[in-house]
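Written below as structure tokens is the structure these notes are about.
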């Protein structure tokens, strides 16, 4: 888990090695017991089968290997002898440290770049995110913030020194997310902070700490908006695109126009979808509607909900919705705040990115989706 936010290829390689070793410590008894408790995980292999049959129909199989995580991770978590519940907190600590190290490395590289070029843009957006796309990296940091903030607010027996270190770590990751300036993760972060602070007040009836945390967070966003030109531009373009009809090629307006084209295509073929030709059909639509920037960049649907509808039709879309709805229901039933925070990231991420079209997105979703499901449904619970 330490490698996940640091480098997607290293993390993917490590996790597939772990999947290979699972062959030697596979427990059929555990597999059956966990499967009875976590049948929801079967939806992931079912989704993979839809992709497989669609690719078989089209005669194009390039996506099958990329989406193999839909099968590998459920098998790994269901059949492994690892007690996922027992290692849960340790795993989250390791992941949070991975987020901190990854961001620190990014800052070191940014400082070096600034010294060489004297260009402040080295600290923003894609220039700062050296390991993966800024949006995906920001969602990793969001989940890291969720874990650290959870330990800060709800951790039992934490010393004053540990709480100070947790507060500093949360602040560092929040600064990183602000500088990365990816809008969807920022929205997810605001929702997570709101949820956590509301839960803390409801459980403890203490307002002072919540007022301090909320005040510092709001102040940080305000200062960033007033002093950081790139952050200001990203926020202003987002607000203006909500007020006016999309017409410019900034990222938010571009997404709105892409979503319009995707919805038009879905209306023409809602049952079966377009399979591997979905993105090609989108490109044709961009060209027909004079969306030359989107056409040149061959953009996908920039929404996993629309992307999967385009590719797999109503069946794939329905399975994805069931996966997400069942998961959020289980998270609330289990009163697992970290699971809920993860699902907030997933819903916001899926709404604004074709998350399951990239290795970084698939790895992030499949691993934590299976981890949270199994760790709360462990036979040792």
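Over the stretch 93-202, what is the relative contact order in whole percent, taking alpha-carbon pairs under 8 Å and six or more residues apart?
Averaging sequence separation for qualifying contacts and normalising by length gives 31 percent for the stretch 93-202.
Any idea what the relative contact order of the chain is, in percent, if you count C-alpha pairs under 8 Å spaced at least 6 apart?
23
Relative contact order of the stretch 79-136, please, whole-number percent, based on alpha carbon pairs below 8 angstrom and at least 6 residues apart.
It rounds to 22 percent for the stretch 79-136.
With r defined as the distance between the Cβ atoms of residue 115 and residue 332 and R0 fixed at 41 Å, what FRET efficiency is calculated, to the nearest 0.05?
Efficiency at R0 = 41 Å is approximately 0.25.
Which value at 222 nm does the chain reach when only helices count, each DSSP H run of 4 or more adding -39,500 (n - 2.57), with the total divided by all residues and rounded to the nearest 500 deg cm²/dmol?
-25000 deg cm²/dmol
Mind ranking 354-367, 332-345 by how tightly packed they are, going by the mean number of other C-beta atoms within 10 angstrom, highest first?
Per-residue mean Cβ counts within 10 Å order the peptides as 354-367, 332-345.
Between the stretch 152-219 and the stretch 73-95, what is the C-alpha centre distance in whole Å?
26
Measure off 7 Å from each Cα along the Cα-to-Cβ vector at residue 297 and residue 347, then give the distance between these two points in nanometres to one decimal.
2.7
With the crude spin-label approximation of a point 7 Å out along Cα→Cβ, what separation in nm comes out for residue 272 versus residue 314?
With each label placed 7 Å out from Cα toward Cβ, I get 1.5 nm.
Each value in this text was obtained by applying a stated rule to the coordinates, not by laboratory testing. Here the structure is a predicted model, which is why all the values come from computation and not from measurement. Because the Cβ atoms are built from the backbone with ideal geometry, glycine has one as well, and the counts that use them run over all protein chains shown.
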